[in-house]
Protein chains: 2
Amino acid sequence: MQVTPELLSRFTLLKPLPREALEHLAPHAALARYGRRAVVLEAGAREDRICFLFEGRLQGVGFTIDGREVGLYFVEPGDFCGELALFDDNPQPEFVIATTAASVVFVARNPLREVMLQNSSVSNVVGRKLAERVRQMTVQRTLLGLSNVPQRVCGQLYLLINEARRKDDSGEIVNPPTHKEIAIMLNLSRETVTRVFQALQSRRIIRRDGPGRLIVADLASLRHFAEGEEEL
Amino acid sequence: MQVTPELLSRFTLLKPLPREALEHLAPHAALARYGRRAVVLEAGAREDRICFLFEGRLQGVGFTIDGREVGLYFVEPGDFCGELALFDDNPQPEFVIATTAASVVFVARNPLREVMLQNSSVSNVVGRKLAERVRQMTVQRTLLGLSNVPQRVCGQLYLLINEARRKDDSGEIVNPPTHKEIAIMLNLSRETVTRVFQALQSRRIIRRDGPGRLIVADLASLRHFAEGEEEL
DNA sequence: CATCTATTGTGACTCCGGTCACGTCAAATT
DNA sequence: AATTTGACGTGACCGGAGTCACAATAGATG
């Protein structure tokens with residue numbers, strides 16, 4: 001499907017690009033839709049395109065030798081993934097899977113790489129974004145160091161809100177990940193996540209609102225638990 | 001202390017640089033020595049220099065809210081750290097600590113950034129290196145997904161050998177990390193790591209050789225355990 | 001509407017790694 | 001040489017998360 005420069009400019013990464021660069025990229029971009037659980041990027045493959053998420057939610061997923069799933073990161077609308085292909089020709093290290101129905105824009109690697117190299121301000125943006133991902137991974141890894149498991153879950157929830165947008169004292173997460181998807185991010189079993197969610201719901205800290213919305217009613221309390229100032 | 005272009009060119013990152021670039025950088029470089037446990041880079045600080053490790057071993061370390069140490073990565077001689085400062089002005093996300101006495105070369109951020117931007121082949125190299133770090137973190141995170149703990153330790157040992165150099169069927173690790181330093185990489189207690197090491201030693205798979213050398217006598221067996229084909 | 005499938009909810013049991021409390025040992029420091 | 005320090009070694013105990021099994025939903029799908 002045809003992609004317009006306007007569509008491309010709606011992504012924060014591409015927004016600062018000059019008009020001409022966007023027009024150069026548009027012919028090499030394509031829109032795609034995926035159903036829940038579909039594989040968007042394949043691990044081990046030499047992907048020749050970068051994936052920009054328009055709507056839905058993606059998750060980077062790895063697999064241990066014994067077949068256990070490992071959650072690496074979530075991709076929120078407006079963000080992108082598979083950007084390692086811009087830097088070298090090594091294969092994509094992890095799978096990227098749609099956790100909900102999702103629509104994405106693929107941009108071919110080489111044209112984007114050209115734009116990046118020609119325009120130094122652009123390579124700055126891409127580099128910054130990659131650096132940001134490293135920071136994100138560092139935070140996520142640090143979460144795993146928490147020995148108190150409910151604390152870990154609260155911390156993850158808190159991160160999820162920040163990745164979306166956070167209002168004053170409450171937040172909502174659209175297309176929230178399933179318990180299992182959260183569990184693999186935190187090296188926990190699905191049941192444990194369920195139990196923590198139950199505890200949070202009974203304390204009116206979180207609440208489900210229909211199918212695709214999770215509402216954090218009491219963000220302050222959530223942060224308390226995430227920071228270990230109070231035990232669940 | 002004064003640093004020569006020759007010294008700089010001994011680092012794999014800087015090796016491909018043209019002579020003139022190295023001469024441009026040399027005046028902005030300084031050699032430094034650190035004792036064991038010294039802090040080389042400070043978390044939260046806006047470090048204005050990149051750290052190249054000449055000899056010794058460094059470890060990236062984070063801290064959880066409850067004060068627990070989290071091991072993020074090891075830095076081997078020839079490698080570097082603190083490179084995020086090349087991409088943006090955000091603070092260094094984690095501490096970097098010398099796990100052994102170490103000598104490092106600091107290169108000021110701005111001159112290196114200039115060299116990187118002027119010479120597109122250089123920014124390629126730096127970008128590749130950052131991408132490689134993301135892959136490394138992904139592998140490390142995947143290790144944590146293993147439910148079998150001895151397997152996790154063997155996998156880490158195997159990574160440590162690869163980061164150094166690996167010979168046919170045995171390898172050695174100079175300046176091996178302490179049990180505690182390995183433990184925080186794997187979300188384990190120091191005692192657990194000790195017990196696994198004991199098991200590996202009694203099976204003649206690993207062996208200590210003096211203070212600063214750990215010898216992997218049977219690399220094939222180590223890999224077996226790392227891949228879960230045999231249980232410890 | 002009926003059926004099927006995936007997600008969520010919940011209890012019981014087990015086990016294994018953390019914690020604690022030591023002891024040992026080697027290396028650095030005085 | 002004596003002392004101190006930090007790393008390594010090891011046992012006993014215990015708690016808590018994984019696992020298993022199953023029920024109850026809720027969404028998809030025909």
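The values are calculated or read from the model by the stated rules, or taken from the named source; none is laboratory data. This is a predicted model, so every value here is computed, not measured. Don't worry about glycine lacking a Cβ; one is built from the backbone with ideal geometry, like all the others, and counts go over all protein chains shown. Accessible surface areas use protein heavy atoms only, side chains included; no ligands, DNA or RNA. Shrake-Rupley method; radii C 1.70, N 1.55, O 1.52, S 1.80 Å.
List of remarks:
- Evaluation of residue A:136 against (1) free of Cβ contacts under 8 Å to residues at least 40 places away in the same chain; (2) part of a helix (DSSP H, G or I); (3) surrounded by fewer than 17 Cβ atoms within 10 Å (Cβ to Cβ) (one fails), failing number: (1)
- Residue list for region A:57-87, restricted to those being open to solvent by 10 Å² or more (accessible area, probe 1.4 Å), more than 10 Å from every other protein chain (Cβ to nearest Cβ), in contact (Cβ under 8 Å) with a residue 60 or more places away in the chain and out of contact with any helix residue (DSSP H, G or I) (no Cβ under 6 Å at 6 or more places or on another chain): A:78, A:79
- The set of residues in region B:94-105 being open to solvent by less than 20 Å² (accessible area, probe 1.4 Å), under 14 Å from residue B:39 (Cα atoms), part of a strand (DSSP E or B) and not polar (S, T, N, Q) consists of B:96, B:98, B:102, B:104.
- Which numbered condition residue B:147 misses (of (1) within 16 Å of DNA strand D (Cβ to nearest atom); (2) in contact (Cβ under 8 Å) with a residue 12 or more places away in the chain): (2)
- Just one residue in the set A:91, A:77 is part of a loop (DSSP other than H, G, I, E, B) and either among the basic types (Lys, Arg) or over 18 Å from the mean Cα position of the chain (by Cα) (or both); that residue is A:91.
- Restricting attention to region B:206-230, the residues that are touching a strand residue (DSSP E or B) at 6+ places or on another chain (Cβ under 7 Å) and crowded, with 19+ Cβ neighbours inside 10 Å add up to 5.
- Number of the condition not met by residue A:180 [criteria: (1) surrounded by 21 or more Cβ atoms within 10 Å (Cβ to Cβ); (2) within 11 Å of DNA strand C (Cβ to nearest atom)]: (1)
- Of the strands (runs of 3 or more DSSP E) entirely within region A:154-232, none holds at least 3 residues that are aromatic (Phe, Trp, Tyr) and farther than 26 Å from residue A:133 by Cα.
- Criterion violated by residue A:211 - all others in (1) without any contact (Cβ under 8 Å) to a residue 12 or more places away in the chain; (2) away from DNA strand C (no atom under 13 Å from the Cβ) satisfied: (2)
- The residue pairs whose first member lies in region A:26-39 and is outside any strand (DSSP E or B), whose second member is within 14 Å of DNA strand C (Cβ to nearest atom) and basic (Lys, Arg), and whose beta carbons are closer than 9 Å, counting only pairs six or more residues apart or on different chains, do not exist in this structure.
- Qualifying residues in region B:191-205 (those that are within 12 Å of DNA strand C (Cβ to nearest atom) and away from chain A (no Cβ under 14 Å)) - the one most open to solvent (accessible area, probe 1.4 Å): B:195
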